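As structure tokens, the structure follows; a few thoughts come after it.
Where a number appears in this text, it was derived from the coordinates with a stated rule and is not lab data. As the structure is a computational prediction, the values presented were derived from the model and not from experiment. Every residue, glycine as well, gets a Cβ built from its backbone with ideal geometry; the counts of neighbours run over all protein chains shown.
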Amino acid sequence: MSTPRIAAAPSPAAHVVLLVTASVFINYIDRGNLATAAPLMQDQLSLSASQLGWLFSAFYFSYVPCMLLTGWLADRYGAKVVLAAGVGIWSVATLSTGLVGGFLGLLGFRLLLGVGESVAFPCASQILADAVEVGHLGVANGVMSFGYLIGPAVGTFIGGSLMGVYGWRTVFIVFGAASMLWLLPWRRVVIGPSVQTTAGASQPPPLFSEILSKRALWGASLGHFASNYIYYFIISWLPFYLVKSRGFSIESMTWVVSFGYLLNAGSALLAGWLTDRWIRAGVSATLIYKTIMGVTHVVGIGCMAGMLLLPESGCVASLFAFLLISGCSYPGIFAIPQIIAGPQAAGRWVGVQNSAGNVAGLVAPIVTGFLVDRTGLFDVAFVLAALVNVLGFVGWVLLLPKVAPLRWLTAQES
């Protein structure tokens, strides 16, 4: 007679949030290493600015379409399993980047990196919607935002420091191998039933056609696109801009960029905590999130101009101001769809929204590289980045309706 198997107790929400945060922290270190290494790669591998632009964007050519599949995979096989598989794939891609000898090899492993990393945010959003109560989603997403925003800071500082001594290849190999260690504690995590559905019967997920019919999805997607365009413009080209156009050394660039990313991450963590306090005190989630998103894009226009037009100290001050205010908006990018879609649809909603948002990753690096090659300057690229902030204001403030849970149709109603 076999012994009955006892189900493991769900892991505490805080433990789940911390491990999800660790995964996106690693995610952004691994995807951001190329930007830090770009000045060295350009010299050693004779790469043009346009080729660098293609390498920055290649990641998104696989990342964006694969996210459309990730939500379905998470529903079919479980977000925990899909996230683990993605971490394994992107770790191998990072490590292998340090072994290639030219543009085509780099291009191939950037594409593989995008496949692996496409699982991160749809799976993370589904897991957080399951494990965290609505009144704590702001701080949960603030912590997660801190993880993916601090990733470039740590990656730039440690990676830039090590590259100066050991070269860029060693850094990719070491970081890729270290990323695999995350899988060890994740194996022991147990994701329980959604805290938002345990009180009643769990409803089946809505159809994709119903999700796609929601104005809120397209307002959030347009806002997400604009937020990502500015972020990926900065994260892809900032080290190159400071070194090649502003005359910073690799060492001084490393300090400036790392501190800026640290400021960005810290403001996201604080904003997530504050939004939860305000929501639990009775302030409208719509008012809080729309105000933060709108102010971010208005201030962003001035910061792009300052980074381009002001002298060195003003450029750095404008960069820090932008990273501070934009960090406040990042918890909302994922908390908004988690609140609106709920645990029934958060994974697939974020899969669609994040795919639309990350089209910016396809566009921003390539367009910037093209403009720099054609003009020899970053002027037009910064003007374009400033104008994209207008799209962000339209999406988050004008198109997005109330930030409140949607009522999805049941099978009988549809």
- Summed side-chain charge close to ALA285 - residues other than ALA285 whose Cβ falls under 11 Å, Lys, Arg +1, Asp, Glu -1: +2
- Task: For the chain, set up a Gaussian network in which alpha carbons nearer than 10 Å are linked by springs, and say which option among GLY78, GLY147, GLY392 fluctuates the most.
- Result: GLY78
- Unit Cα scatterers, Debye sum, the chain: log10 I(q)/I(0) for q = 0.06, 0.07, 0.09, 0.13 Å⁻¹: -0.23, -0.31, -0.51, -1.08
- Item | Point-to-point label distance, LEU107-ALA404, nm (Cα→Cβ direction, 7 Å offset) | 5.1
- Obtain the nm distance between the two label points defined at ALA317 and MET180 by a simple spin-label model: each point lies 7 Å from its Cα along the Cα-to-C-beta direction. 4.9
- Note on the structure: Taking a straight Cα-to-Cα line shorter than 16 Å from LYS80, and setting aside same-chain aspartates and glutamates fewer than 8 residues away, one finds GLU117, ASP130
- Task: Any lysines with Cα under 26 Å of the LYS214 Cα? List them, leaving off those in the same chain fewer than 8 positions away.
- Result: LYS290, LYS402
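Between THR170 and LEU287, what is the FRET efficiency for a Förster distance of 41 Å, r being their Cβ-Cβ separation, to the nearest 0.05?
On the way: r = 50 Å, r/R0 = 1.21.
The computed FRET efficiency comes out at 0.25.
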- Query: Taking the highest mean first, how do the peptides 85-93, 209-217, 338-346 order by number of other beta carbon atoms within 10 angstrom per residue?
  - Reply: 338-346, 85-93, 209-217
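Report, in deg cm²/dmol and to the nearest 500, the calculated mean residue ellipticity at 222 nm for the chain, where each DSSP H run with n ≥ 4 adds -39500 (n - 2.57) and the sum is divided by the residue count. Spell out each step's value before the answer.
Values: 15 runs with 319 residues, N = 414.
Per the formula, -27000 deg cm²/dmol.
Given an 8 Å cut-off on Cα distances and at least 6 residues of separation, report the relative contact order of the chain as a percent. Could the numbers behind the result be given before it?
Details: 704 pairs, mean separation 115.1, N = 414.
RCO, the chain: 28 percent.
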- With r defined as the distance between the Cβ atoms of ALA305 and GLU251 and R0 fixed at 30 Å, what FRET efficiency is calculated, to the nearest 0.05? 0.60
- Query: Where a Cα-Cα gap under 18 Å defines reach, which aspartates and glutamates qualify for LYS244, not counting those fewer than 8 residues away within the same chain?
  - Reply: ASP43, GLU312, ASP373, ASP379
- Message: If I build a Gaussian network model for the chain, linking alpha-carbon pairs within less than 10 angstrom, which residue out of ALA74, ALA268, ALA220 has the largest mean-square fluctuation?
- Response: ALA74
- Message: Can you give me the distance in nm between label points at ARG280 and ARG215, each placed 7 Å from the Cα along the Cα-to-Cβ direction?
- Response: 3.3
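Given the Cα-Cα distance of LEU99 and SER50 and 0.36 nm per residue of separation, how much length would full extension add, in nm? Before the final figure, lay out the partial values.
Values: separation 49, 0.36 × 49 = 17.64 nm, distance 2.22 nm.
That pair, LEU99 and SER50, stretches by 15.4 nm at full extension.
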- Which of LEU104, LEU128, LEU19 moves the most in a Gaussian network model of the chain with Cα springs under 10 Å? LEU104
